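Engineer: This is the structure I want to talk about, given as structure tokens.
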Amino acid sequence: MTQRHPHVGPPHTLHSLLEWRALIELSLLPCSWPLLMQAPRGDGHPVLLLPGFMADEATLAPLRWFLSMLGHDVRTWGFGRNVGFQARHATALEQKIRHLHHASGGRRVSLVGWSLGGVFALYGAHQAGDCVRQVVTLGSPISVDEGGSQSPAMVQALYRLIAHPLGPGVHAAQPRVKKLRERRLPPVPMSCLYSLTDGVVPPQEATLDGDPALHENIRVLGSHSGLGFNPMALAIIAERLAQGEGQWRPFQPEGWMGLVYRRLAGARGAAAAA
């Protein structure tokens, strides 16, 4: 059985203070590019990218460019800045997924969500599961316990300031998100990328309990703020999306990716991906 990470409590304070290391991850992207371009190519099916809290499509530019160069039909949600789990965005997302499915001649859409974008992706897979091929989340709070989010107080305060004065619990209480609140999983393959040094979303919230035939947790190295352009994360996303429809299998890094992944993530990371 696929299991959540056993971490308890919020992220380590040091990890939160060092979120600026995302700049280092960004600086590694150019020198990693030749290796990344050896990733398996896509089959041209629609891939919808969903930004994190307080982010917009611009933050997804490196990921969009990379996946487009590999042959994917990449789209972004087109709703502007992600200002919380708003009802209007949730409704528009379902419509967007169904539109892409129809416009592509019935091809299923893969959803890739960063941080809060991953929660939207999970919601979209529940609402339009017949149109979704797979879901990939990047440091997303998809397994929040009844006690509430364990993200740093500053992050929760920002959500209250921008999204709702009563915090994310208000949006989680919406009738439309009952399946998310009960941590029910959609009947589509789902890969959850997480980092033990994530300074925003603790690993127990970014991972899930599920059926290993459909659900997996994959450990990467890096910050929360850099997951959208972290070279290791990009390579894994490309490998996951390259699988044909109906041919999904758990992540087993092979070739150059396997060599690099095992060297950097270590045996524990490889085991977490199994």
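Every number here is computed from the coordinates shown, using simple stated rules; none is lab data. All values derive from a computational prediction rather than experimental measurement. So basically every Cβ, Gly included, is an ideal-geometry build from the backbone, and we count neighbours across all protein chains shown.
Engineer: Can you compute the charge dipole magnitude of the chain about its Cα centre, using +1 on each Lys and Arg Cβ and -1 on each Asp and Glu Cβ, nothing else charged? Give it in debye, rounded to the nearest 20. If you can, show how the numbers build up before the last one.
Structural biologist: Values: 25 positive and 19 negative charges, 58 e Å.
Using Cβ point charges on Lys, Arg, Asp and Glu, the chain gives about 280 debye.
Engineer: Starting from the Cα gyration tensor of the range 87-177, multiply each eigenvalue by 5, take the square root, and state the resulting semi-axes largest first in whole Å. Working shown, then result.
Structural biologist: Numbers: eigenvalues 149, 35, 23 Å².
Equivalent-ellipsoid dimensions as semi-axes: 27, 13, 11 Å.
Engineer: Hey, rough spin-label estimate for ALA103 and ALA242, points 7 angstrom out along Cα→Cβ, what's it come to in nanometres?
Structural biologist: 2.7 nm
Engineer: Could you give the semi-axes, largest first, of the ellipsoid that matches the chain, computed as the square roots of 5 times the alpha carbon gyration tensor eigenvalues and rounded to whole Å? Provide the component values of the computation, followed by the final result.
Structural biologist: Numbers: eigenvalues 122, 103, 65 Å².
That gives 25, 23, 18 Å for the three semi-axes.
Engineer: At 7 Å along Cα-to-Cβ for each site, give me the label-to-label distance between ARG263 and TRP33 in nm.
Structural biologist: Spacing of the two 7 Å Cα→Cβ label points: 2.1 nm.
Engineer: Could you work out how much longer the chain between ARG249 and ASP209 gets when fully extended? Use 0.36 nm per residue separation minus the Cα distance between them, nm to one decimal.
Structural biologist: Values: separation 40, 0.36 × 40 = 14.40 nm, distance 1.68 nm.
Taking 0.36 nm per residue and subtracting the Cα distance, the gain is 12.7 nm.
Engineer: Listed highest first by mean packing, meaning other Cβ atoms within 10 Å per residue, what order do 42-51, 70-79 come in?
Structural biologist: Details: 42-51: 21.6, 70-79: 18.9.
Ranking, from highest mean packing down: 42-51, 70-79.
Engineer: For ASP130 and GLN3, FRET efficiency with R0 = 41 Å and r from the beta-carbon atoms, rounded to 0.05? Don't skip to the answer; put the middle values down first.
Structural biologist: On the way: r = 28 Å, r/R0 = 0.69.
After rounding to 0.05, the efficiency reads 0.90.
Engineer: State, as an integer percentage, the relative contact order of the range 13-273 based on alpha-carbon contacts under 8 Å between residues 6 or more apart. List each step's numbers first, then the result.
Structural biologist: Numbers: 495 pairs, mean separation 58.2, N = 261.
Relative contact order of the range 13-273: 22 percent.
Engineer: Among SER104, LEU48, LEU180, whose Cα projects farthest towards the positive end of the dipole of the chain, with charges put on the beta-carbon of Lys, Arg (+1) and Asp, Glu (-1)?
Structural biologist: The residue sitting farthest along the positive end of the dipole is SER104.
Engineer: Could I ask something else about it? Give me the Debye-computed log₁₀ of I(q)/I(0) at q = 0.15, 0.16, 0.23, 0.24 Å⁻¹ for the range 1-52, equal point scatterers on Cα only, no solvent, two decimals.
Structural biologist: With no solvent term, the Cα-only Debye profile gives -0.89, -0.96, -1.00, -0.99.
Engineer: Which is farthest toward the positive dipole end of the chain among LEU70, ALA153, GLN38, measuring Cα position about the Cα centre, with Cβ charges +1 (Lys, Arg) and -1 (Asp, Glu)?
Structural biologist: Farthest along the dipole direction, towards plus: LEU70.
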